[in-house]
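Read the figures in this text as sums done on the coordinates, not as results from a lab. Here the structure is a predicted model, which is why all the values come from computation and not from measurement. When we count neighbours, we look across all protein chains shown, and the Cβ atoms used for this are built from the backbone with ideal geometry, even at glycine.
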Amino acid sequence: MESWRRNPLTFWVFALPPSLWLALFFLAPLALVWVMSFGEKVGLIDIVIAWRLDNYMRALDPLYLQIFLKSFWFAGLTTVFCLIVGFLVAIAITFAPPRRRPLLLMLVMLPFWTNLLIRTYALIAVFRTKGFVNDGLAVLWGGGSSLLQWAGLGDLQLLGAEFEPLQLLYNNFAVVAGLVYVHLPFMVLPLYAALDRMDRSFIEASLDLGAGHLRTFVSVVIPLAMPGIVSGVIITFVPALGSFLTPDLLGGTDSQMIANVIERQFKSANDWPFGAALSFLLMYVTFFAIALRALWAGRGRAGVRA
Amino acid sequence: MTTPKTGGVSRRKFLVGMGAVAAGLKFAPGSVFAAEDKKLNFYNWDTYIGENTLGDFKSATGIDVTMDLFADNDELFAKFKGGNPGYDVIVPTNDFVERMITAGMLMPLDHGKIPNIENVDPTFRDAAFDPGRKYSLPYMWGTIGIGYRKSKADGVPDDWKWILDSDQYAGKIALMGDGTTMIQMAMKYLGYPLNESDPGRIREAEALLTKQKPNVKVFADDNGQDLLLSGEVDICMEWNGDILQIMEEDDDIGYVVPRQGGLLWQDCLCVPTGAPHPENAHAFINFILDAEAGAEIADFIQYATPNMAARKLLPAEYNSNPAIFPPQEVIERCEVATYNGTEYTRAVDEAWTRIMAA
């Protein structure tokens, strides 16, 4: 820190480009949307900034609050499933032989090399009535059925008269499954980073001192991994909350999330100010989550000092 | 960006992300005073031009065409809202032609530079959404109707009732994900005009769709034909061209415009305000309205062309296909969507949000 003060020039050479980038491509567009959220649509393309709260009042209508709630529910479920699965994956990678770890980490990141839309369409091919899951189950059913036939139990029709494909697509299950699939890497990476930094001797100490595996996990591993958990939860929950492609493509007739409504405001409904207000309500939630994170980090530091 | 195929080639295939690709392109700012470069930027639907059309146009005129794709009219409109990003020719549907004229987004056409207007069917030479066709010329037209699997349907489902007000095909129905179109089709079923904007009647249409929702499997994002082809649904509301394309792959698929009539659409060739190459744009529109070029396009994409000279060059199986050219008495009961103002847009969007949230 001291050296920056002594060399202000060096400091500005390094700090200016990212600051400009941030101002130009993040703060400025965001400010634009924020201003627009107080605007009013006049005619087809013109927006007058009236500095009125009408759009926010409209967004607080029970209709939209209910959709917000549903989006929180979907994003929350997604985060919980990601946390459970992600923790297991992160632990597995941490305890894998060091030679294997880069490969395992790459497998986690590999899906990012394919566009989200393509991955979502691939999920459709997996989940649909004549998709891979149902085809696989149908083969198993056929095998089981002929086995029963062979065993002389065919007439009982223990597995049903014919194979009933599972309805995996176009419902809320598909939306949450798709969101978990898409967001899992966001959870695994910070968890891995936290677990990898963890001092293994704490675990050994805990086991040596008589704590069981479960107790060690709950009282030692989880607290040490907490920064990773908090980061993972935030960077999973926030984008999941704003998803619109997944509910659009995988969802059924009642899978609408708030981002679908926002998307429509910028397209078919052509009401950008209202769309801006809805997005900013989401933004406030995001800011709140990040503030919580900062609070947590602050408490952590205070704890160390004490 | 294109999407992986789950079925036939679809014109209005879902192309989210396309915008990102198009937005990444840079257009050289053409000087107004210099003669135009031999270039043209064409913004079109996917799978909506002949295989050799752009190459033939280049051999005929030396003009290089760059074609970008859009997925729906809303995307097109949103893209132009902040000013023309550099396109010379675009293909909006009739109600968006009207919207864009209202918003001053289209350039008047110089009919003197498009002699092939002579080839256009006289009934298409004028339009309520563009009186005198000052801003738009017809490219293709068609209908929205019902696509169905013949072996699973009880006769020909030639009534909107089967998908909007019946549990006969419960769980096997795909409707469209576009709220405006859904409300408009509900209006046709209820016996009202397609563009009905009375709030009470919009509520009536909303109640009808909300009631039918449990029987509907999905509000498809323009991939109803894929769902029908893969057996996910047995009956769906779709654009005729999308169903036609899968009818070629599967004999068990049929298409019918219900007896109440449906929506008649017309995609139009327009030059957006601020086009960098307006001269080339006129030459291109003229080329498309040419008999041979028009026939090649219609033969490839299998949509109804308003180009009479092109139709003369095409075989009987195209010209007498009822899924391309529905019977005259059905067409007479179909209506064209108009731009119904911002209040209508908001009322319909709110109704649709409620339907989806119900």
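List of remarks:
- Size descriptor, Kirkwood hydrodynamic radius, that averages inverse alpha-carbon separations across region A:66-165, Å: 17.8 Å
- Residues whose placed amide H lies under 5 Å from that of B:G274, excluding near-sequence neighbours: none
- Structure remark: mean-square fluctuation, Gaussian network model of chain B, C-alpha springs under 10 Å; the largest value among B:E98, B:E196, B:E296 belongs to B:E196.
- Assigned charges on the beta-carbon of Lys, Arg, Asp, Glu; the protein assembly as shown dipole about Cα centre (debye): 3220 debye
- Descending Cα extents along the principal axes, region A:179-306, whole Å: 64, 34, 20
- Scalar couplings 3J(HN,Hα) for region B:64-79, obtained by applying the Karplus form with A = 6.51, B = -1.76, C = 1.60 to θ = phi - 60°, are 8, 9, 9, 10, 10, 10, 10, 9, 7, 4, 5, 5, 4, 5, 4, 5 Hz; x denotes Gly and Pro.
- Extents of region A:173-222, taken as max minus min of Cα coordinates on every principal axis and listed largest first, are 45, 22, 10 Å.
- 20 Å Cα-Cα reach of A:K70 towards aspartates and glutamates, excluding residues that sit fewer than 8 places from it in its own chain: A:D61, A:D248, A:D254, A:E263, B:D349, B:E350
- Karplus-based coupling profile of region A:115-126, in residue order and whole Hz: 4, 4, 4, 5, 5, 5, 5, 4, 4, 4, 5, 7, with θ = phi - 60° in 6.51 cos²θ - 1.76 cosθ + 1.60 and x standing for Gly or Pro.
- Aspartates and glutamates whose Cα lies under 14 Å from that of B:K58, excluding same-chain neighbours fewer than 8 positions away: B:D37
- Cα-Cα over 30 Å, subset of B:K79/B:K217; A:K267/B:K38; B:K217/B:K312; B:K79/B:K152; B:K81/B:K113: B:K79/B:K217; A:K267/B:K38; B:K217/B:K312; B:K79/B:K152
- When the alpha carbon coordinates of the protein assembly as shown are projected onto the principal axes, the ranges are 93, 87, 53 Å, largest first.
- For region A:1-116, the percent of C-alpha pairs falling in each 10 Å distance bin, counted from 0 to the bin holding the largest distance, reads 10, 16, 20, 27, 21, 6, 0.
- Helical contribution to [θ] at 222 nm, DSSP H n ≥ 4, -39,500 (n - 2.57), averaged over chain B, rounded to 500: -10500 deg cm²/dmol
- Less than 5 angstrom separates the built amide H of B:Y135 from those of B:L109, all sequence-distant by 5 or more or on a different chain.
- Kirkwood estimate for chain B, i.e. one over the average of 1/r between Cα atoms, Å: 21.0 Å
- Global geometry of region B:26-147, whether rounded, prolate or oblate, following the gyration tensor of its Cα atoms and the 1.5 cut on a/c: rounded
- For a straight C-alpha distance cut-off of 17 angstrom, the aspartates and glutamates reachable from B:K150 (same-chain residues fewer than eight places away being disregarded) are B:D158, B:D159, B:D226, B:E232, B:D234, B:E238, B:D242, B:E248, B:E249, B:D250, B:D251, B:D252.
- HN-Hα J in Hz across region A:90-97 - Karplus 6.51, -1.76, 1.60, θ = phi - 60°, x for Gly and Pro: 5, 5, 4, 5, 4, 8, 6, x
- Average silhouette area of region B:130-212, convex hull of alpha-carbon atoms, in square nanometres: 7.5 nm²
- Over chain A, DSSP H runs of length four or greater, each weighted -39,500 (n - 2.57), average out per residue to a 222 nm ellipticity of -23000 deg cm²/dmol.
- Averaged over the residues of A:250-257, the number of partner chain Cβ atoms lying within 10 Å of the residue Cβ comes to 5.
- Average 1/r across all pairs of distinct alpha carbons in chain A, invert it, and you get the Kirkwood radius: 23.6 Å.
- Quotient of C-alpha Rg and 2.2 N^0.38 Å, computed over region B:213-358: 1.27
- Chain B: angle of helix B:291-301 to the longest principal axis, Cα-based, in degrees nearest 10: 40 degrees
- Among A:W272, A:W296, A:W141: highest mean-square fluctuation, GNM of chain A, C-alpha pairs under 10 Å: A:W141
- Near B:V216, the amide H atoms lying under 5 Å from its own belong to B:G171; only residues 5 or more places off or on other chains count, and H is placed 1.01 Å from N.
- Largest GNM mean-square fluctuation among A:M36, A:M106, A:M187, using chain A with Cα springs under 10 Å: A:M106.
- For region B:28-104 versus region B:174-193, the gap between their alpha-carbon centres in whole angstrom: 30 Å
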